[in-house]
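First up is the structure itself, then whatever we jot down about it.
The values are calculated or read from the model by the stated rules, or taken from the named source; none is laboratory data. Because the structure is predicted, anything quoted here is derived from the model rather than measured. Backbone-built Cβ (ideal geometry, glycine too); neighbour counts: all protein chains shown. Quick note on the areas: whole protein, heavy atoms, side chains included, nothing else; ligands and nucleic acids left out. Shrake-Rupley method; radii C 1.70, N 1.55, O 1.52, S 1.80 Å.
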2 protein chains.
Amino acid sequence: MMGSGVFADVFPLEVALAAKDVQGKVVRDELRAIGYDGALPVGRRPVAAYFEAHIEQGPVLEDARKVIGVVEAVLGLRWYDCVVTGLESHAGATPHDRRKDALQVATRIMQEVVAIAERSAPHGRGTVGFVQVHPNSRNVIPGQVTFSIDLRNVDVERHDRMDRELRAFAARLQSDTGLRIELREVSYNRPVQFEASCVSAVRGAAGKLGYDHMPCTSGPGHDAVFMARVAPTGMIFIPCKDGISHNEIEHAEPEHVTAGANVLLHAVLDKAGVAA
Amino acid sequence: MMGSGVFADVFPLEVALAAKDVQGKVVRDELRAIGYDGALPVGRRPVAAYFEAHIEQGPVLEDARKVIGVVEAVLGLRWYDCVVTGLESHAGATPHDRRKDALQVATRIMQEVVAIAERSAPHGRGTVGFVQVHPNSRNVIPGQVTFSIDLRNVDVERHDRMDRELRAFAARLQSDTGLRIELREVSYNRPVQFEASCVSAVRGAAGKLGYDHMPCTSGPGHDAVFMARVAPTGMIFIPCKDGISHNEIEHAEPEHVTAGANVLLHAVLDKAGVAA
């Protein structure tokens with residue numbers, strides 16, 4: 001979402017060009033290396049409407065045996081880094097009443113992240129995907145655990161409540177256990193409702209072309225999230241096998257890809273006022 | 001414990017020489033490099049008695065304000081590798097009722113490891129020190145989590161019961177969640193009771209020299225654990241600051257080190273039948 005972020009002025013061009021991957025490779029250098037560091041200014045052009053077609057990256061359409069998802073909204077996202085600090089000590093020598101085991105405390109937060117999301121069903125999501133244990137030795141009670149937290153919801157109010165519940169739980173646990181718990185928000189994207197005329201252009205195209213369709217909410221972020229800030233925006237989903245994406249076994253049926261492209265074309269024509 | 005393990009025929013010389021560290025360095029090559037790959041055969045010499053002095057690596061002596069720990073036993077140790085396999089999927093796109101989150105299931109085992117040890121107080125210990133999450137990305141529900149389990153007890157029966165409780169919990173959780181849970185024992189050392197005459201030689205030396213002392217159980221393994229298989233064996237502990245060891249802030253008071261060396265000397269003299 002770097003290109004759309006710069007286009008929609010969510011962050012400056014310099015921030016995107018200076019971004020590094022885990023190996024230290026810089027976006028600017030890599031764009032130059034492949035000849036994609038062009039001379040035209042980014043963004044600030046008028047856009048009448050923006051449509052994006054994508055695999056769902058989730059299992060809902062496949063389960064419902066629908067071909068087209070009419071995306072009405074994208075979940076808001078909050079990312080946190082959480083650090084629990086205890087005291088590393090020897091696994092054999094340290095009696096349990098003397099331990100400050102950072103991992104044991106961290107597991108309680110990891111479970112609460114999911115509990116918070118489940119209390120906020122059906123559009124609440126809570127995930128811990130990244131965990132780093134220090135010193136990460138079989139023989140040593142962990143002194144520090146760093147992990148990511150991802151909380152999502154389609155509704156701003158409910159999303160804010162998830163945030164408050166997480167912070168309250170962490171504060172209570174810190175006071176109960178005496179271990180330090182740091183919780184830092186590192187990213188926030190508001191929930192996005194797509195523009196009604198774009199949603200209805202997608203729904204109309206799917207109906208006209210005779211594809212089974214259903215309303216959808218997107219969990220992942222997309223360029224459309226940023227483009228929605230500068231233009232009327234809509235999205236089209238097609239099913240993908242087992243909801244898997246960003247993975248070598250990602251798969252979409254060719255006829256579903258065709259259907260998605262057809263709906264995209266007819267939604268654009270409709271919105272442009274051109275009869276197909 | 002490589003040297004004592006080969007000396008006491010717990011494992012063959014070849015196994016020790018072929019051991020590699022995480023960078024791939026091999027013991028045999030490194031011993032040669034520093035000139036320590038000697039020509040004499042290892043082990044098989046008669047040993048009348050073996051005594052070992054060590055920092056406690058735990059907080060018990062320091063808490064009790066004692067100078068000498070008379071070690072009576074060493075906790076038995078079981079090491080396991082546990083692998084929980086779910087399905088990696090997108091943190092935003094996957095509703096909670098469709099997830100197979102390997103980390104959430106793993107956290108329940110991690111907590112049970114400690115619960116098992118606490119039910120086996122005061123000599124039960126349970127630790128998860130090493131955790132590896134795959135793919136370990138903020139955005140992805142973990143598909144697989146690998147972690148270590150360390151269970152210890154001073155009593156063979158109780159130690160075996162801890163093992164049975166762990167296996168039963170893992171089997172129940174696998175059946176409840178449908179996620180695959182593999183539990184593999186990778187190391188087992190029986191609990192060791194030191195020889196009565198050696199323990200009393202240590203206690204007698206501490207008493208004669210006027211050092212405050214108390215009976216102790218060792219959590220960590222030591223060369224004495226292997227040497228106890230081939231000779232009467234005893235151990236002497238001295239306090240260390242905050243129970244910390246294998247760490248840059250490890251610290252023992254010089255007067256405690258002196259006390260430990262004195263008790264070692266007098267225990268050896270006693271056992272050798274030499275009056276000091």
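Taking square-rooted eigenvalues a ≥ b ≥ c of the alpha carbon gyration tensor, is the stretch A:1-111 rounded, prolate or oblate, where a/c under 1.5 means rounded and, failing that, a/b exceeding b/c means prolate? Cα axes put the stretch A:1-111 in the oblate bin.
Determine the share of the protein assembly as shown's accessible area contributed by carbon and sulfur atoms, expressed in whole percent, with a 1.4 angstrom probe.
Numbers: 13790 of 26560 Å².
With neighbouring chains kept in place, the figure for the protein assembly as shown is 52 percent.
To the nearest Å, what is the center-to-center distance of the stretch B:180-204 and the stretch A:206-276, using C-alpha atoms only? Between the Cα centre of the stretch B:180-204 and that of the stretch A:206-276, the gap is 63 Å. Which residue, B:Ala201, B:Ala48, B:Ala224, has the most motion in a Gaussian network model of chain B that connects Cα atoms within less than 10 Å? Taking springs between Cα atoms under 10 Å, the residue moving most is B:Ala48.
Averaging over all projection directions, find the projected area of the Cα convex hull of the protein assembly as shown and quote it in nm² with one decimal place.
Values: hull surface 128.7 nm².
For the protein assembly as shown, the mean projected area of the Cα convex hull comes to 32.2 nm².
Against the longest principal axis of chain B, how steep is helix B:196-208, in degrees 0 to 90 to the nearest 10, with axes from Cα atoms? The angle comes out near 60 degrees.
Which order do you get for B:Thr177, B:Thr107, B:Thr258 if you rank them by accessible area with a 1.4 Å probe, largest at the top?
Details: B:Thr177 45, B:Thr107 0, B:Thr258 75 Å².
Descending accessible area places them as B:Thr258, B:Thr177, B:Thr107.
Between A:Ser89 and A:Ile141, the built amide H atoms are under 5 Å apart, and every one of these is 5 or more places off in sequence or on another chain.
Using the rule -39500 (n - 2.57) for each DSSP H run of four or more residues, divided by the residues of chain A, the 222 nm mean residue ellipticity is -11000 deg cm²/dmol.
Classify the stretch B:43-89: rounded, prolate or oblate, from the alpha-carbon gyration tensor (a ≥ b ≥ c, eigenvalue square roots; a/c under 1.5 rounded; otherwise prolate if a/b is larger than b/c)? Oblate.
On a 1.4 Å probe surface of the protein chains, which of A:Tyr50, B:Tyr188 comes out largest in accessible area, and what is the full order? Kindly include the intermediate steps, with their values, before the conclusion.
Numbers: A:Tyr50 55, B:Tyr188 80 Å².
Ranked list, largest accessible area first: B:Tyr188, A:Tyr50.
To the nearest 10, the accessible area of A:Arg203 is 100 Å² with a 1.4 Å probe. Here B:Arg161 sits with roughly 110 square angstrom of accessible surface, probe radius 1.4 Å.
I need the shape label for the stretch A:22-173. Rule: rounded when a/c is under 1.5, else prolate if a/b > b/c, else oblate, with a, b, c from the alpha carbon gyration tensor.
Numbers: a/c = 2.59, a/b = 1.54, b/c = 1.68.
Oblate, because a/c is 1.5 or more while a/b does not exceed b/c.
How large is the direction-averaged shadow of the alpha-carbon convex hull of chain A, in nm²? Average projection, Cα convex hull of chain A: 18.1 nm². Take A:Gln193, move 7 Å from Cα toward the beta carbon, and the resulting point lies 7.5 nm from the same point in each other copy, nearest first.
For A:Gly124, no residue has an amide H sitting under 5 Å from its own, ignoring neighbours fewer than 5 places away on the same chain, with H placed 1.01 Å from N. Evaluated over the protein assembly as shown, the count of Lys pairs having alpha-carbon atoms less than 29 Å apart is 14 (only pairs 8 or more residues apart or interchain).
Residue order by solvent-accessible surface for A:Leu264, A:Leu77 is A:Leu264, A:Leu77, largest first, with ligands and nucleic acids left out and a 1.4 Å probe.
The separation of the stretch B:14-63 from the stretch A:14-80, counted between C-alpha centres, amounts to 55 Å. Computed from label points 7 Å out along Cα-Cβ, the spacing between A:Glu118 and B:Asp97 is 1.3 nm.
Measuring from each Cβ of chain B to the axis that turns chain B onto chain A, the shortest distance belongs to B:Thr107, 2 (residue, then whole Å). Annotation: B:Asp270 carries an accessible surface of approximately 90 Å², with a 1.4 Å probe and no ligand, DNA or RNA atoms counted. Checking every one of the GluC sites (Glu not before Pro) in the stretch A:180-276 against DSSP loop status and a limit of 14 other Cβ atoms within 10 Å picks out A:Glu248, A:Glu250. When B:Gly38 is represented by a point 7 angstrom out along its Cα-to-C-beta vector, the spacings to that point in the other copies are 7.4 nm, nearest first. Residues whose amide H comes within less than 5 Å of that of A:Met235, counting only those at least five positions distant or on another chain, are A:Glu52, A:Val71 (H built at 1.01 Å from N in the peptide plane).
Might you tell me the accessible area per residue for the stretch B:63-192, computed with a 1.4 Å probe and given in Å²? The partial results should precede the final answer.
Numbers: 5180 Å² over 130 residues.
Averaged over the residues of the stretch B:63-192, the accessible area is 40 Å².
For the options A:Asn262, A:Asn136, A:Asn247, a Gaussian network treatment of chain A with springs between C-alpha atoms closer than 10 Å singles out A:Asn247 as fluctuating the most. Relative to the other identical copies, B:Phe11 shows label-point distances of 4.7 nm, where the label point lies 7 Å from Cα along the Cβ direction and values run shortest first.
For the stretch A:213-264, what ratio Rg/Rh do Cα atoms give with a Kirkwood hydrodynamic radius? Computed over Cα atoms, the ratio is 0.99. Chains A and B together bury some 4600 Å² of accessible area, summed over both sides, with a 1.4 Å probe.
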